[in-house]
1. Report the charge-dipole magnitude of the chain in Debye, nearest 20, computed about the Cα centre from +1 at each Lys and Arg Cβ and -1 at each Asp and Glu Cβ.
2. With the full set of protein chains in place, find how many percent of the accessible area of segment 1-109 is carbon and sulfur; take the probe as 1.4 Å.
3. Mind listing P(r) for segment 56-138? All alpha-carbon pairs, 5 Å bins, whole percents.
4. What nm value, rounded to one decimal, do you get for the distance between Leu104 and Arg122 when each label is placed 7 Å out toward the C-beta?
5. Given a Förster distance of 30 Å, report the FRET efficiency between Arg141 and Ala9 from their Cβ-Cβ distance, rounded to the nearest 0.05.
6. Could you report the chain's accessible area per residue, 1.4 Å probe, as an integer in Å²?
7. Given 5 Å bins starting at zero, what is the percent of C-alpha pairs of the chain in each, up to the one with the largest pair distance?
8. Give the residue list of GluC sites (Glu not before Pro) in segment 1-72 that are DSSP loop and have at most 16 other beta-carbon atoms within 10 angstrom.
Amino acid sequence: MEIRKAVLADLDGIARLYDAACDHLEAHENYPGWAKGVYPTRADAETGLRENALYAALVGERIVGSFLLRHRPETGYENVRWLTDDDYDRIYVVYTLVVHPDFLHRGIGTEMLRYIEALAAREHCSSIRLDVTQGNKPAARLYRKNGFQRVGTVSLGYEAYGLPWFDLYEKLLPKSGADGIQDREEKENVHGIQ
């Protein structure tokens, strides 16, 4: 699997990914409360691309996952006590992490989180933050499994969409994290592990 910054040519594939995820959620348990044509949409991906924040995970030529990565919080993040008080120029916030329904339970979410952690460490970030719709058990389980700690529950202003509460998560990166992760990546590349 390849994870990289998205390019203009990826927009159609990411829009199809969003629609497939929303269709799957509509047919099953819609933990995040996403709705086709409402969120996430192609327009969200276009905004992410313009902001240089959109990423794609690919298996072969197929986009099987995506996320947005920004140095800014959602409104409401100020209403919780975080694990670090650093400025957001040293903190990444993950938005719209999604895996194609055909590729669920294959470790793609974990691989995307590992990629985010390695990128954040290389950029000397102190932490990674994200929010999860309260009750989104699969996402909460994924984040906890990958070392994120729940730090509180807040409103992010989405009550009109039936989403009144969000659990906020943070993962602190070791102060020596940038060197440690980079060293690990270099060792893995030397040994051909990817």
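1. Its charge dipole is roughly 380 debye.
2. 46 percent
3. 3, 13, 22, 22, 19, 13, 6, 2, 0
4. Going from the Leu104 label point to the Arg122 one covers 3.2 nm.
5. After rounding, the FRET efficiency stands at 0.35.
6. Per-residue accessible area for the chain comes out at 54 Å².
7. It works out to 1, 8, 15, 19, 22, 18, 10, 5, 1, 0, 0, in whole percents.
8. Glu29, Glu51, Glu61
The values are calculated or read from the model by the stated rules, or taken from the named source; none is laboratory data. Quick caveat: nothing in here was measured; it's all calculated off a predicted structure. Cβ: placed from backbone, ideal geometry, glycine included. Neighbour counts: every protein chain shown. Remember, those area values only see protein heavy atoms, side chains included, never the ligands or the DNA or RNA. Shrake-Rupley method; radii C 1.70, N 1.55, O 1.52, S 1.80 Å.
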